[in-house]
Each structure stands twice: as structure tokens, then as C-alpha cells.
1. Do the conditions hold for residue B:234, that is, is it part of a helix (DSSP H, G or I), surrounded by 20 or more Cβ atoms within 10 Å (Cβ to Cβ) and over 13 Å from the mean Cα position of the chain (by Cα)?
2. For region A:182-191, does any single residue satisfy the condition of being more than 20 Å from residue A:44 (Cβ to Cβ), more than 18 Å from the chain's Cα centre (by Cα) and outside any loop (DSSP other than H, G, I, E, B)?
3. Looking at region A:73-111 only, could you name the residues that are more than 26 Å from residue A:175 (Cβ to Cβ) and without any contact (Cβ under 8 Å) to a residue 60 or more places away in the chain?
4. Of all residues in region B:87-111, how many are in a helix (DSSP H, G or I) and at the interface with chain A (Cβ under 10 Å from one of its Cβ atoms)?
5. Quick one: is residue B:20 touching a strand residue (DSSP E or B) at 6+ places or on another chain (Cβ under 7 Å) and within 14 Å of chain A (Cβ to nearest Cβ)?
6. Would you confirm whether or not region B:53-60 contains a residue that is farther than 27 Å from residue A:250 by Cβ and either outside the structural domain of residue B:180 (by TED's automatic domain parsing) or part of a strand (DSSP E or B) (or both)?
7. Please work out if residue B:281 is within 14 Å of residue B:239 (Cα to Cα) and surrounded by fewer than 14 Cβ atoms within 10 Å (Cβ to Cβ).
């Protein structure tokens, strides 16, 4: 184990996204504020409370999770594809860092960006709407686990991808629909029965409702089940990404 | 003597079928200045790639300071500093950051390399560029930074892939002096080049590589002696045909009015050759002695020029 090397690479990943805060932290906050104002304020009064929670509060966990997922996923995928395309990945591949260490460092960096975005969205949401958090510790666990899951997913995407376009496509055609259909803006109880059943196959539905339970004390599914689904996805993506990276798939000749 | 690098039956077949290495064997003793000489596409970069962990071997082994580069990659890679052929840098960070990161990746705590980093910036004339990002550097500065950074973890072996490709004369000489000094101080240096002059000037030994095979290995002087191509070059008025006829029996090549007579100890044959040519009615306008170069060695061993 090359502990110094691992921590250095994590530090590099964190420093990278912090120095690019205009692309990595600010946009999520801005869209959150817009969503709360437009959806929460103007539409919320017509939709009314869901499970006794004001609509403006109801959407905050979903918005937080949306930011965790997109930011964690974008961090590892774009960081790796940049290193691949600009060919400075070699600087890391020649060092005494193993594939597992490099993978975990990328994932951890992405997790931290996702986590930070999630926390910021929740704080802004609390400041605007006056919402309070029901189970803070549970919320932190969900933010970390889901951040890790999509950090690992992003790494997988970064390994497969040959261009930036590959990444953009995956985000637009895969992640964004799953996030929206995972119940960011609604409870699946409001859907027709067929769509309700289909939603149960969307892992993001569990993650969003897990955080909803942590923040608001309500949710469409039990929190423990949500956590287990998230952990299973995290394990699946981590093992797959680290294995491919170690074998040098799309990484080494 | 202990070996810094030991390559056994190394083969590499790339996806798509290109056979880059056809089973090469190489031994580089510790402390040697070793050159891998060959044209583009000969297999130099693939050999370096496998030794440093960027390319996976198809078969065969490479040991670095006694450590296998696949099964014991951590120990092997700690011993190597690499200055690759291409100048690609992590463009988000300053040179100072990149120096610290690279030390860290090698397991050296960044705080403990502060002095060494400053010393390297100083030696490579980059002191005032420390806070700058790589893309703001000129090509020559990038090359200097790349070599400086490859030394940050004080490796036993420095590997340079075409270090002087595309650099100006001044920097080339600065690098040659620096590398010679590092070698005198005990570092094993392996460099790939297709500049014959560089190999002749710096290397204790060179391996000539072509088409994925090592053609021969030896000191530049021994290789030159083994493939003697010394001779006289005559510049003649006219096409030189008459002169060529007069030198029947010598090994000759004629291009327009330039006649090359390949002969050992050419300095002892000047009078004889000039007399014969003059007697045949030809006019010698210029005469030079040609000494065998590695280029000649390369040519006579592979049948083609190193630039081909």
C-alpha cells in the first residue's frame, strides 16, 4: 500500500474541483435556488403538501441527491477522461500506485465533491425555506454512500469513454432521466400503478427517498432498504471500476 | 556487476496485431550510460513503456534493480524516473504543485522534497516559473521541467525517451552536460535516441534496435571498429567516371562528382589514390577523410538509414 501516493492523488482530485468551483460547486447551488423558487414557490402552492410536508421542503432532498449524483459522477469521469486525453495519466501510471489505489483515490475525490454539493444544497434549502433536518447523521451517511456510488460509476464511465462526448451522452440519456424519474419532484404514490411498479426498479428512487427520510422523516420506502440498495450499487461499481482499471482496460496498451 | 535493468525474451504484440518487439534481451549494469538507438517505430518506446509500467508485455520479463516490473511493480517503479517522449502535463496545476504531486505518487512525503524541488528548479533554470502552469511554458522549458520532475524522487535509474527531440542546440548541450554529470555521480541512465551524435557522445554502450529486434550491442567505439566504414571522399570535376575506373579494385560509391572510397587507414592511402585519379586525367577539387560513425554501423547492419 502506497499511503502517501494515495493521499496525494486524493489531494490532487480535491484541489482540482475546488479550484474549478465555478464549474463544480456554484452551478448546483444556483439551479437549486431556481428550482426552489420556481417549483417550490409558484407551483408548490397548487400541488399542496405531500405526506404533511410542504412541497417546497419535499423537493429539497431530491435536489440535494440530484446534485450529489451529478457532481460525483462528473468529477471522476471528467477528471479521468482529461488525464487520458491530455495523456498526463501516464504520470500516475508509471508511479508505485496500484490500480486499486488510483481507483479509490478518484472515487474518494468524487465522493467529496458530491458530498460537499449535497451539504451546500441542503444548507441553502434550509436557509430559503426554513426546513429543519430530522436525522442529521443518517443524512450524512446517505450523502457519502451515494456520492461514493456515483464517484465509482463516473470512474467506470471515464474508463470506458474515449471522448468527452461519450460522458455527456451518458449523463444526458441515462443519469438525468433516472434522477427525474426517481422522485425528485413527486412521490411515486402520485403515479399510475404501472409507473409506480417501474419506478421500483430505479435504484435512484431508493437513494432519493433514503435522503428524504433522513431530512424530513418521510419517504416512499424504508430507510434501511434504501441504504442497502445504495451500498450494493456502491460495491458493484467500485469492484467493477477498480478491476477494469487494474487490468488497464482502455487505460494501458 | 549488479544489473540495473535486465530484459529477457521480451515480446510485445499490440491489439490489432502490430509486433513491436520480437523477443529482445538486454542487460544494463548499474552506473552505465546506455543508449537505445533506432529509427522511429523500431520498438524503443515500447521497451521503455514495458519497463516503466505503461505497456503490458505479451511475454518475457523485465527486472529493474532486481524487481520484476509486473509482479513487484512498486519496488521496480520506485527505482525509475521517466522523462517520456511526449510533453504532456496535468494542466490544472503549477509546476510547484506538479513537482509535489509527483513526489507524493512515488511515496515521498511532499513536505520532505521541498528543498530538492527548489534545487531542481534552480538547476534547470525554472526558479521564476514555479508558480506558472505548464501550458505557459515554451517547448524547451517544458522539456527542462519534465526532466527535473523525473528526478524528484531521486531514482537510481533515469530513463529518457528522445530527450533532445525538437530542442534547440543550446538546450541540447545543457542537457548533455547535465546527464553526463548525473551519470558520473552514479545514476544509471538509459536514453533512446535516433541522433547518432548523441549516442556516440554520451553512451558507454548502445544497443541498435530495428524492427523490434536488437541488432547488436556494444560500446560506440567497438561497434565502429567492427563495421569499419572509414574512407576518402573525393570531390571531382565532372562526373568522376574516369576516376572511378582508375580506382578499380577499391570499394567505391559514386554520386555525381563525389566519389567515396571505403578503405581502412585512409590517411595512408591518400597519395596512392590521388595519384591514380590524377593519372587518369581527373581533377580532384576537394578531399576529406571519412571516419566510421554509428550511422554507418546502423546502415551496414540494417541496410537502411536510421532516418528512413
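The values are calculated or read from the model by the stated rules, or taken from the named source; none is laboratory data. Quick caveat, the model's predicted, so the values are computed rather than measured. Virtual Cβ from ideal backbone geometry, glycine too; neighbours counted across all protein chains shown.
1. For residue B:234, the condition - part of a helix (DSSP H, G or I), surrounded by 20 or more Cβ atoms within 10 Å (Cβ to Cβ) and over 13 Å from the mean Cα position of the chain (by Cα) - is not met.
2. Within region A:182-191, none of the residues are more than 20 Å from residue A:44 (Cβ to Cβ), more than 18 Å from the chain's Cα centre (by Cα) and outside any loop (DSSP other than H, G, I, E, B).
3. A:87, A:88, A:90, A:91, A:94
4. Result for region B:87-111: 9.
5. Yes.
6. no
7. So residue B:281 fits the description; yes.
A quick yes/no check of all residues on (1) crowded, with 17+ Cβ neighbours inside 10 Å; (2) closer than 30 Å to residue B:153 by Cβ:
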residue	(1), (2)
A:6	yes, yes
A:12	yes, yes
A:30	no, no
A:48	no, no
A:82	yes, yes
A:106	yes, yes
A:115	yes, no
